[in-house]
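In what follows, a single structure is set out as structure tokens and then discussed.
No lab work stands behind these numbers, since they all come straight from the coordinates. All of these numbers come straight from a predicted model, not from anything done at the bench. Methodologically, a virtual Cβ is constructed for each residue, glycine included, from the backbone with ideal geometry; neighbour enumeration extends over all protein chains shown.
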């Protein structure tokens, strides 16, 4: 089944469970052109990830042992939320770097939570061990067809809302969101991957010619800190000649601050990363090129209203 067909099926399947997030066109941010935004940070649990979680759980039977997921925080919250809504038990593994606000968000769903020393990769190892020991169903954060198809529903929805942009900028961690966008668009629009300089698994893979391990750190590492890009994302990115640009932590925090000061949009660093490519000049549109930015996450740390 083509990616377009998988994403269309996912969009229909999850429609009763997810929010149709708003879109706006805004000027400002020190730029001479308008930007189309999709406010996916307003999705359930504050990120697009509820889409992939619901699509996975609704695509087949769930074992009696329940669900397990490893996460930097956002995926775990989405899986825990979807499991709660659909009546399944869930065990979420997160690294310490997930931070207190994302950990608290997961705890509020009632899921069992284990905080692991280290990075996302360490949480993934712990989740794999749990899966092997219990028979629980694992929902991968980004490198699984059902996850990618669910995330792709975001782009399908945006187009149905009248998106006219030539180019869409998307922040990349493990690659599930941009893989879904590439799968849906299939070259119809330019898709630009934006990554922090200190957490750039896709950029490194494209340079090396294959997914490879990278070191991860920086202000967005608890959301964009995958040590290796997903194979699905890598294959789609190479098939569609996806451009990759890097931004500094300073550019990310400046974009995050600008979104709040100019539009009262509260996003986490990962949520501001795609905009940072424009405001920092890492990506400069051509004359008359219309650009769009996906705001992907709202779970800042510390929680502004604890």
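With the crude spin-label approximation of a point 7 Å out along Cα→Cβ, what separation in nm comes out for residue 12 versus residue 284?
With each label point 7 Å from Cα toward Cβ, the separation is 4.6 nm.
Rounded to the nearest 5, what is the percent of antiparallel bridges among the DSSP beta bridges in the chain?
Given both bridge residues lie in the chain, the antiparallel proportion sits at roughly 15 percent.
Using 0.36 nm per residue of separation minus the Cα-Cα distance, give me the extension gain between residue 231 and residue 2 in nm, one decimal. Mind showing how you got there, number by number?
On the way: separation 229, 0.36 × 229 = 82.44 nm, distance 1.68 nm.
Net length gain for the segment: 80.8 nm.
Going by Cα centres, the stretch 130-172 and the stretch 106-121 are how many Å apart?
21
Can you classify the stretch 257-306 as rounded, prolate or oblate using the Cα gyration tensor, where a ≥ b ≥ c are the square roots of its eigenvalues, rounded means a/c under 1.5, and otherwise it's prolate if a/b beats b/c and oblate if not?
It comes out prolate by the Cα gyration axes.
If each of residue 197 and residue 166 carries a label point 7 Å out from its Cα toward its Cβ, how far apart are those two points in nm?
Simple spin-label model gives 2.9 nm for this pair.
Please work out which option in (i) 34; (ii) 21; (iii) 45 gives percent of Cα pairs over 31 Å apart calculated from these coordinates, and answer with its label.
Here the calculated entry is (ii).
Please work out the FRET efficiency for the pair residue 248 and residue 132, using the Cβ-Cβ distance as r and a Förster radius of 30 Å; give the result to the nearest 0.05.
0.15
For the chain, take the longest principal axis of its alpha carbons; what is the angle in degrees between that and the long axis of helix 3-14, to the nearest 10 within 0 to 90?
Tilt of helix 3-14: around 60 degrees.
Can you give the angle from 0 to 90° between the axis of helix 269-279 and the longest principal axis of the chain, with both taken from C-alpha atoms, to the nearest 10?
20
Obtain the nm distance between the two label points defined at residue 26 and residue 262 by a simple spin-label model: each point lies 7 Å from its Cα along the Cα-to-C-beta direction.
Taking the two extended label points, one gets 0.8 nm.
Work out how much length residue 86 to residue 125 would gain on full extension: take 0.36 nm times their residue separation and subtract the Cα-Cα distance, in nm to one decimal.
11.4 nm
What shape does the stretch 50-138 have by the C-alpha gyration tensor, where a ≥ b ≥ c are the square roots of the eigenvalues, rounded means a/c under 1.5, and otherwise prolate means a/b greater than b/c and oblate the rest?
oblate
In whole angstrom, note down how far apart the Cα centers of the stretch 183-219 and the stretch 60-88 are.
What the calculation gives is 26 Å, centre to centre.
Please give the helix 74-86 orientation as an angle from the longest Cα principal axis of the chain, in degrees from 0 to 90, rounded to the nearest 10.
Long axis of 74-86 versus the principal axis of the chain: about 60 degrees.
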